[in-house]
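Derivation of every value follows stated rules applied to the coordinates shown; laboratory data play no part. Note that the structure is predicted; figures quoted are calculated from it, not measured. Cβ: placed from backbone, ideal geometry, glycine included. Neighbour counts: every protein chain shown.
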Number of protein chains: 2
Amino acid sequence: MADCITCKNKNCLINKNSSDPRLADFLKNKHTIRCKKSQQFIMEGTPAHGLFFAYEGKVKVVKTGVNDREQIVRFAKDGEIIGHRGGFGSSKYYSISAQALEDSTLCYFSKEDLKNILLNIPKLTFDFMLFYADELSESETRVRKLAQMSVKERVIDTLLFMDTKFGSTDHLLNISLSRKDYADYSGTTEEQVIRILSTLKKEGLLNAKGRKLGILDFETLQNEISKHTFSPNS
Amino acid sequence: MADCITCKNKNCLINKNSSDPRLADFLKNKHTIRCKKSQQFIMEGTPAHGLFFAYEGKVKVVKTGVNDREQIVRFAKDGEIIGHRGGFGSSKYYSISAQALEDSTLCYFSKEDLKNILLNIPKLTFDFMLFYADELSESETRVRKLAQMSVKERVIDTLLFMDTKFGSTDHLLNISLSRKDYADYSGTTEEQVIRILSTLKKEGLLNAKGRKLGILDFETLQNEISKHTFSPNS
DNA sequence: AGAATTTCCTGCTATAAAGCAGTTTTTTAC
DNA sequence: GTAAAAAACTGCTTTATAGCAGGAAATTCT
């Protein structure tokens, strides 16, 4: 079904290198997995057998915390990797959980197959390396933001991030998250998110239609956090 | 002087692969740089020309924040990489600053030389990839901790981390950091760090000799943060 | 060694954020 | 379409953390 040669996800690292004949056998071993909304397909702490790619849909990647708090560490959409090292690294266990945010289709490769091609196709390995390096850079930026921004700034930053990552249609974000999800990504509580969103609505900066949020005034929101985002790579 | 073949840093990714004859020319282009304590050798936002390795010494890697707050994102010691993507990734600028914590010796490779060998020696590229993947995993753990631990827990976590990373001699940590450094890593203020350290001293869990800190009761400290560290890879 | 500077420390105050409890709205399931 | 469940919301209270100011100790410099 989802075939790497004709795949629409041009940003996918596998797709980018799929013309290499050495990948042919590897591609045959791909599995396609369908996930319903809210379904968890990676569980933190279980043995890692391989790596997932989002083919279609949206996914949240979560680290389990204390009480009922979780930390969303990243979001993945079409073409993006889920399950990071997938067992071919130093750890044999998944360090995160992953859950579909909407009905999604995933591609799956076993760690043996992956390790095999990664050790043989430098260009592909290099692309993987760059992917991790860029993710690392982003994660480090997030460390700084969590440590230094106020709760309000973090929530605004999250809203702007959602617009950048998933885009908007008719001033409504193309992603539907609960207040708890916003809290789990921004590093705060549900109540705090609700309070801040409601303030922003009153100020006319934010729009809400049912569950969906819309950014009405990107620039003003950006100004509110600009003192933290001066650096060359945000 | 610092020669990769005879180098003592067995954990260094270059050293690990230095027996490969294809590395010979590359190794000739290595530069050795000496740094005095407190000297900054990478400045955030400047064009990235290459990558550093710590040969001897200790280094802090920092992201610039608001006011006089900085976020220390990691520490590096013998054999470890500094300057991450070093310009061969998507960004052409350093996303962090780096400063020597004591007199240090660094190895330096240009991004052109690096890119050249990385695209030709899959095993090396694979090692680099794993390095970044592991760093990413650690960084994501840090994101969770910053979001969910209390200030006291974060400071304790930092103390235990220092012991794990740099070790202790006669119950004194083998690294000398200012209270501000502890704050900049833990994501809090200098005053808060001072208050918490002084509490721990009164409780007999911590020891201080001049500027150096010593952990007296590792286990009790670990228990104080255990509810956050249940997961398989901390 | 002594002066100057930086770092460290403490008590007090202000503020930001979290927690709780009860209500309303929205979504889901039959 | 209606009932049940989940999510969203609000006001109030409590707690955690930051900020300020002034002094003590330690370190650096000459």
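Taking a straight Cα-Cα cut-off under 15 Å and skipping sequence neighbours fewer than 8 places away in the same chain, the aspartates and glutamates within cross-link reach of A:Lys37 are A:Glu56, A:Glu102, A:Asp103, A:Asp181.
Loop-located trypsin sites (Lys or Arg not before Pro) in region B:149-215 (DSSP state other than H, G, I, E, B) with a sparse environment of at most 16 neighbouring Cβ atoms within 10 Å: B:Arg211.
With label points defined 7 Å past Cα in the direction of Cβ, position B:Asp170 shows copy-to-copy spacings of 7.4 nm, given to one decimal and shortest first. By the Stokes-Einstein formula, at 1.002 mPa s and 20 °C, region B:77-149 with its Kirkwood radius over alpha-carbon pairs has D equal to 149 µm²/s.
A DSSP coil position with no more than 16 other Cβ atoms inside 10 Å describes the following GluC sites (Glu not before Pro) in region B:57-115: B:Glu102.
The alpha-carbon atoms of the protein assembly as shown, seen along their principal axes, cover 60, 56, 40 angstrom, with the largest extent given first.
For chain B, modelled as a GNM whose springs connect Cα atoms under 10 angstrom apart, the maximal fluctuation among B:Ser110, B:Ser18, B:Ser137 occurs at B:Ser137.
Calculated from the alpha-carbon coordinates, region A:53-174 shows an Rg and a Dmax of 16.1, 48 Å respectively. Working from label points 7 Å from Cα in the Cα-to-Cβ sense, the A:Glu112 to B:Tyr93 distance is 4.7 nm. Between the amide H of A:Tyr93 and those of A:Ala48, distances stay under 5 Å, these residues lying 5 or more places away or on another chain, with hydrogens modeled in the peptide plane.
In terms of distances greater than 23 angstrom between alpha carbons, the cross-link table entries A:Lys180/A:Lys209; A:Lys115/B:Lys28; A:Lys92/B:Lys63 yield A:Lys115/B:Lys28; A:Lys92/B:Lys63. Within straight-line reach of B:Lys10, meaning a Cα separation under 18 Å, sit the following lysines at least 8 residues removed in sequence or on another chain: B:Lys30, B:Lys58, B:Lys77, B:Lys123, B:Lys165. Averaging the Cα positions of each part gives two centres, and for region B:89-151 and region A:107-158 these lie 12 Å apart.
Under 5 Å between amide hydrogens, built in the peptide plane, is the criterion, and for A:Asp103 it picks out A:Lys37 among residues at least 5 positions away or on other chains. Result for chain A in a Gaussian network model with C-alpha springs under 10 Å: among A:Ala48, A:Ala147, A:Ala183, the largest mean-square fluctuation is at A:Ala147. Expressed in Å, the radius of gyration and Dmax of the Cα atoms of chain B are 18.8, 58. Rg over Rh for region A:162-201 works out to 1.00, both radii taken from alpha-carbon positions and Rh defined as the Kirkwood radius. Using the Kirkwood formula over every pair of different C-alpha atoms, what hydrodynamic radius in Å results for region B:140-190? It is 11.4 Å. For B:Thr199, the distances from its label point to the matching points in the remaining copies are 2.7 nm, ordered from shortest, with each point set 7 Å beyond Cα toward Cβ.
Straight-line cross-link partners of B:Lys202 among the lysines, defined as a Cα under 17 Å from its Cα and at least 8 positions apart when in the same chain: B:Lys152, B:Lys212. In a DSSP loop and with at most 13 other Cβ atoms within 10 Å, the trypsin sites (Lys or Arg not before Pro) in region B:1-69 are B:Lys8, B:Lys10, B:Lys36, B:Lys37. For region B:110-234, the Kirkwood estimate of hydrodynamic radius, built from reciprocal distances between every pair of different alpha carbons, is 16.4 Å.
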